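Undergrad: Let me begin by handing over the structure; questions about it come next.
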Amino acid sequence: MISVESLRVEFGVKPLFHDASFVINDRDRIALVGKNGAGKTTLLKILCGRQQPTSGHVSIPNDTTIGYLPQVMVLQDDTTVREETRKAFSSRVRLKERLDEMERQLGERTDYDSESYNALVARFTQDHDRYQMMGADHYEADLERTLTGLGFVRSDLDRPTAEFSGGWRMRIELAKILLQQPDVLLLDEPTNHLDIESIQWLEQFLATSPSAVVLVSHDRAFINNVTTRTLEITCGQIIDYKVRYDQYVVLRAERREQQLRAYENQQREIADIKEFIERFRYKPTKAVQVQSRIKQLAKIVPIEVDEVDNSAMRLKFPPCLRSGDFPIICDGVGKAYGQHTVFSDVTLTIRRGEKVAFVGKNGEGKSTLVKCIMGEIPFTGELKVGHNVQIGYFAQNQAQLLDGTKTVYDTIDYVAKGDVRLRINDILGAFMFGGENSEKRVSVLSGGERSRLAIIRLLLEPVNLLILDEPTNHLDMPSKDVLKEAIRAFDGTAIIVSHDREFLDGLVTKVYEFGGGKVREHLGGIYDFLRNRNIESLNQLGTSSPVPQPVETPPEPSAAKQNYAERREQQKRIRKAEKDVKLCEKRIEELEQRISELDSILCTPEGASDMTLVTEYTSTKKALDDEIARWEEAASLLEELQNE
């Protein structure tokens with residue numbers, strides 16, 4: 001579908017990457033990985049034509065359509081959510097207008113045997129088939145289904161886009177791109193503004209999409225669930241691994257081991273040659289051999305080793321005073337803005353040493369409760385912060401609070417104590433601030449770089465209660481691993497607001513779900529929570545729920561057995577409905593193909609006079625209408641079963 005040959009991109013003396021060649025095939029699911037600054041976003045821009053390479057060639061067939069979601073885009077605020085999303089169907093609307101015009105012409109003309117009339121019939125048939133394949137007039141249902149999957153509720157669809165935050169407007173742009181159904185989807189960090197439920201919906205959408213997908217993401221679970229092939233940008237090259245991300249990690253480690261051995265052998269060879277040159281440089285009898293060694297040394301191409309993986313590095317929070325047994329106690333806490341109630345009657349207790357997650361749809365109050373705990377906003381009810389609690393807080397805007405006049409190194413050196421000061425360069429390297437980057441001033445850093453620096457600073461402060469609000473949005477996978485291990489080894493208490501399942505997995509032992517103005521407590525890890533909610537359907541997350549109990553007790557064995565049987569029966573019904581839908585789709589495809597063949601035959605003088613073909617055409621058309629009606633019933637039943 002897309003062929004890349006000998007691609008080279010230069011922004012300075014050293015090329016970003018060179019001699020890159022690969023092919024993107026139909027229905028490929030590709031993860032594009034590499035350290036920050038390796039050129040992932042640049043490559044996506046080149047693939048979609050927004051940027052030109054220094055040299056090389058990108059070959060894209062003329063009829064191939066590409067949908068590109070950048071990390072940052074210009075957003076418009078002059079329409080409603082529904083009207084803005086409808087722009088995705090502009091090509092379908094134009095095609096419908098052309099069909100209406102051709103249908104009008106066919107109704108008015110009487111020159112049935114003319115060449116131009118036959119050409120018009122053929123063009124109408126071709127465009128009509130294409131229109132049906134695009135979904136015909138059913139785009140409103142597709143629009144609502146996609147926006148709902150990405151977290152909007154029906155009442156949001158007629159609200160102006162100006163009322164939504166940048167993250168929600170990015171969801172609208174993502175919906176538009178998905179609804180256009182391009183041949184190739186280029187997605188640059190699509191999960192940054194999505195919650196867990198929306199990420200899972202997007203996973204399922206991409207799994208069934210006929211489009212090829214090239215994906216940049218730091219969400220390891222998302223990449224593993226979506227992609228089956230990995231392109232890595234490293235040391236100025238693009239390496240193609242025909243495996244999913246987890247397998248790529250293993251193969252990459254093996255590759256790096258081989259590189260290290262080859263590098264060490266080469267360094268020994270270089271050292272031997274240099275030693276010979278120095279030993280015999282001034283001996284006339286060895287002049288020829290010395291010159292030969294000098295030429296040999298000049299011809300050696302240095303072996304590059306893939307960037308060092310710092311994820312194995314361990315950071316540890318400095319010691320701090322022991323807090324009371326209950327760092328946070330909420331009793332009937334509520335927060336409202338005017339007539340809008342964010343949450344009410346929140347009653348929870350977080351014990352010393354617990355690591356808990358706040359999850360739920362965006363806008364349900366996770367960050368709001370954190371601000372209540374920090375005393376930043378007023379609230380109703382009673383909220384107690386325990387004895388000797390020292391809070392380390394990472395807010396979503398934490399990066400803006402750093403001193404822009406300091407360098408990266410000085411920012412960390414200011415808070416580092418004791419032996420940690422001897423390891424500042426190693427710590428900065430683990431978070432991609434190695435080498436000259438440590439001397440940059442904070443004022444010139446990007447938003448993502450500032451966020452990473454704020455997290456490093458937090459890791460070095462003596463605290464016993466960590467509150468982290470979306471800490472992983474701008475971290476790559478190695479940096480997230482460093483942070484995760486540091487929190488896991490942390491002796492104190494941690495509250496983590498995050499949509500990153502892989503980050504939360506194995507880290508938290510309790511999950512608080514925000515939704516419908518309530519906060520529900522779930523014991524267990526993040527995947528325990530997701531499995532439990534899957535019983536009721538993830539689509540119901542964030543909707544109004546019954547008043548929660550303080551702790552959800554496990555069901556009795558008999559109830560669990562009954563639930564298991566019900567789930568099995570439900571899965572059987574879903575599989576049968578899916579089979580019915582596929583059978584209908586196959587039959588529709590066959591009938592449409594036959595109608596297309598009959599159209600071509602009936603356009604000829606001989607075919608037009610054959611009443612047998614006319615009768616077959618009429619009966620096939622009726623069969624198609626009946627089959628489409630059956631498909632709609634089957635698809636509706638399947639959707640109901642999946643939402644139960």
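The values are calculated or read from the model by the stated rules, or taken from the named source; none is laboratory data. This is a predicted model, so every value here is computed, not measured. Cβ sites come from the backbone with ideal geometry, for glycine too, and all protein chains shown count toward neighbours. Note: accessible area is taken over every heavy atom of the protein model, side chains too, but ligands, DNA and RNA are not part of it. Shrake-Rupley method; radii C 1.70, N 1.55, O 1.52, S 1.80 Å.
Undergrad: Please give the strands (runs of 3 or more DSSP E) falling wholly within the range 260-370 in which 3 or more residues are of a type in the set (Ser, Thr, Tyr) and touching a residue at least 60 places away in the same chain (Cβ under 8 Å).
TA: 340-350
Undergrad: Select, from GLN105, GLN71, the only residue that is at pLDDT 85 or above and of a type in the set (S, T, N, Q). Don't jump to the end; show me each part of the working.
TA: Working: GLN71 fails: at pLDDT 85 or above.
Answer to the check: GLN105.
Undergrad: Also, quick follow-up: If you take the residues of the range 601-623 that are of a type in the set (Val, Ile, Thr) and more than 15 Å from LEU591 (Cβ to Cβ), which of them is modelled with the lowest pLDDT?
TA: Residue satisfying both the conditions and the ranking: THR604.
Undergrad: Right, next: Would you mind finding the one in VAL415, VAL359 that is at negative phi and touching a His at 6+ places or on another chain (Cβ under 8 Å)?
TA: Just a single option satisfies the conditions, and that option is VAL359.
Undergrad: What are the residues in the range 187-210 that are β-branched (Val, Ile, Thr) and out of contact with any Lys or Arg (no Cβ under 9 Å at 6 or more places or on another chain), if any?
TA: Hits for the range 187-210 are THR191, THR208.
Undergrad: Can you run down the residue pairs with Cβ atoms below 7 Å, 6 or more apart or on separate chains, where the first is in the range 169-192 and open to solvent by 10 Å² or more (accessible area, probe 1.4 Å) and the partner is of a type in the set (S, T, N, Q) and part of a strand (DSSP E or B)?
TA: none
Undergrad: What are the pairs with Cβ atoms under 6 angstrom where one residue, in the range 516-540, is under 16 Å from ASP195 (Cα atoms) and the other, located anywhere, is at pLDDT below 75 and open to solvent by 60 Å² or more (accessible area, probe 1.4 Å)? Sequence gap at least six, or different chains.
TA: Short answer, once both residue conditions are applied: GLY516/THR543; GLY516/SER544; SER537/ASN643; ASN539/ASN643.
Undergrad: Can you pull out the residues in the range 410-435 that are buried (at least 18 other Cβ atoms within 10 Å of the Cβ) and either hydroxyl-bearing (Ser, Thr, Tyr) or not in a helix (DSSP H, G or I) (or both)?
TA: THR411, ALA416, PHE431, MET432, PHE433
Undergrad: Within the range 300-310, identify whether any single residue is surrounded by 14 or more Cβ atoms within 10 Å (Cβ to Cβ) and farther than 30 Å from ALA430 by Cα, and answer yes or no.
TA: Within the range 300-310, not a single residue is surrounded by 14 or more Cβ atoms within 10 Å (Cβ to Cβ) and farther than 30 Å from ALA430 by Cα.
Undergrad: In the range 210-241, how many residues are open to solvent by less than 10 Å² (accessible area, probe 1.4 Å), more than 9 Å from the chain's Cα centre (by Cα) and β-branched (Val, Ile, Thr)?
TA: 6
Undergrad: Identify, please: which residue in the range 154-168 is modelled with pLDDT of 85 or more and part of a loop (DSSP other than H, G, I, E, B) and is, among those, surrounded by the fewest Cβ atoms within 10 Å (Cβ to Cβ)?
TA: Residue satisfying both the conditions and the ranking: ASP158.
Undergrad: If a residue must be over 19 Å from HIS193 (Cβ atoms) and polar (S, T, N, Q), how many such residues does the range 341-385 contain?
TA: 5
Undergrad: Related question: Residues of the range 95-128 being open to solvent by 50 Å² or more (accessible area, probe 1.4 Å), assigned to a helix (DSSP H, G or I) and touching a residue at least 24 places away in the same chain (Cβ under 8 Å), which ones?
TA: Hits for the range 95-128 are LYS96, ARG98, ALA122, HIS128.
Undergrad: Filter the range 338-366 for residues that are modelled with pLDDT under 85 and in contact with a helix residue (DSSP H, G or I) (Cβ under 9 Å, 6 or more places away or on another chain); which is least open to solvent (accessible area, probe 1.4 Å)?
TA: Ranking the qualifying residues of the range 338-366, first place goes to LYS361.
Undergrad: Only one of these is in contact with a Lys or Arg (Cβ under 6 Å, 6 or more places away or on another chain) and aliphatic (A, V, I, L, M): VAL184, VAL213, VAL249. Name it.
TA: VAL213
Undergrad: Residue under question is LYS35, and the condition is that it be open to solvent by 80 Å² or more (accessible area, probe 1.4 Å) and either basic (Lys, Arg) or within 21 Å of the chain's Cα centre (by Cα) (or both); does it hold? Spell out how you get there, then give the answer.
TA: Working: open to solvent by 80 Å² or more (accessible area, probe 1.4 Å): yes; either basic (Lys, Arg) or within 21 Å of the chain's Cα centre (by Cα) (or both): yes.
Against the criterion (open to solvent by 80 Å² or more (accessible area, probe 1.4 Å) and either basic (Lys, Arg) or within 21 Å of the chain's Cα centre (by Cα) (or both)), LYS35 qualifies.
Undergrad: Right, something else. Between residues in the range 420-442 that are under 19 Å from GLU461 (Cβ atoms) and residues that are crowded, with 17+ Cβ neighbours inside 10 Å and acidic (Asp, Glu), which pairs lie under 9 Å by C-beta distance while being six or more apart or on different chains?
TA: Final answer for the pair search is PHE433/GLU449; VAL442/GLU449.
Undergrad: Shifting gears a bit: Which of the residues spanning the range 245-292 are open to solvent by less than 100 Å² (accessible area, probe 1.4 Å), more than 30 Å from THR234 (Cβ to Cβ) and among the β-branched types (Val, Ile, Thr)?
TA: ILE277, VAL290
Undergrad: (1) within 18 Å of THR234 (Cα to Cα); (2) surrounded by 18 or more Cβ atoms within 10 Å (Cβ to Cβ): which one isn't true of LEU69, the others all being true?
TA: Of the numbered conditions (1) within 18 Å of THR234 (Cα to Cα); (2) surrounded by 18 or more Cβ atoms within 10 Å (Cβ to Cβ), the odd one out for LEU69 is (1).
Undergrad: Does the range 173-212 hold any residues that are acidic (Asp, Glu) and within 18 Å of SER498 (Cα to Cα), and which are they?
TA: GLU189, ASP195, GLU197, GLU203
Undergrad: Quick check on my filter: what residues within the range 371-397 are β-branched (Val, Ile, Thr), part of a loop (DSSP other than H, G, I, E, B) and within 12 Å of GLY334 (Cα to Cα)? Quick ask: steps written out before the conclusion?
TA: Taking the range 371-397 as the starting set, the residues that turn out to be β-branched (Val, Ile, Thr) are 373, 377, 380, 385, 389, 391.
From what is left, the residues that are part of a loop (DSSP other than H, G, I, E, B) are 377, 389.
ILE377, the sole residue that qualifies.
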